[in-house]
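Right, one structure below, let's go through it.
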């Protein structure tokens, strides 16, 4: 995808990339958070009001997070293989988390995330499957 730099050595089911400027002129600067490699049924904006740990669950669908501001650490674990990976994210990073990849995010105060999910989010009981990511 034009405008992204993919990071190597990621575990299967997790894609971390840096979203770069796809086009810029005197009127505007464009960056594509996704362009064909993800289909969204819901998009949310998350404003982190205090340093927080979010997640500790997995889904039966893929989701995408774009760090618009701030950052933190994500820990991923495959519920099938037990493979685990920890990554640090910052403004401009994009993460696509595959199905059945447990995840936990430790985010700093002031972080703003754009989240997109392949399925509509209805409620935790229907969408989130608890999983303790250590």
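Coordinate-derived values only; no laboratory data. Nothing here was measured: the structure is a model prediction, and the numbers come from that model. Glycine gets a Cβ as well: all are built from the backbone with ideal geometry, and neighbour counts include every protein chain shown.
Summarise the long-distance tail of P(r) for the chain by giving the % of C-alpha pairs beyond 22 Å.
Values: 3173 of 8911 pairs.
When every Cα pair of the chain is considered, 36 percent fall beyond 22 Å.
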What is the chain's relative contact order, in percent, from Cα pairs under 8 angstrom and six or more apart in sequence? 33 percent
Descending packing, highest mean Cβ count within 10 Å first, for 45-54, 58-67 is 58-67, 45-54
Sort 113, 30 by Cβ crowding within 10 Å, fewest neighbours at the top. 30, 113
What number, rounded to the nearest 500 deg cm²/dmol, is the helix-based mean residue ellipticity at 222 nm of the chain, given -39500 (n - 2.57) per DSSP H run of at least four residues and division by all its residues? -500 deg cm²/dmol
Describe numerically, in nm with one decimal, the distance between label points set 7 Å from Cα along Cα→Cβ at residue 47 and at residue 9. 3.8 nm
Between the stretch 92-131 and the stretch 31-83, what is the C-alpha centre distance in whole Å? 4 Å
Determine which residues of the stretch 94-113 fall in the zone a paramagnetic label at residue 60 would reach in this model, i.e. backbone nitrogen under 14 Å from the point 7 Å along Cα→Cβ. 99-101
Relative to the present Cα-Cα distance, how much length would full extension add between residue 81 and residue 130 at 0.36 nm per residue of separation? 16.0 nm
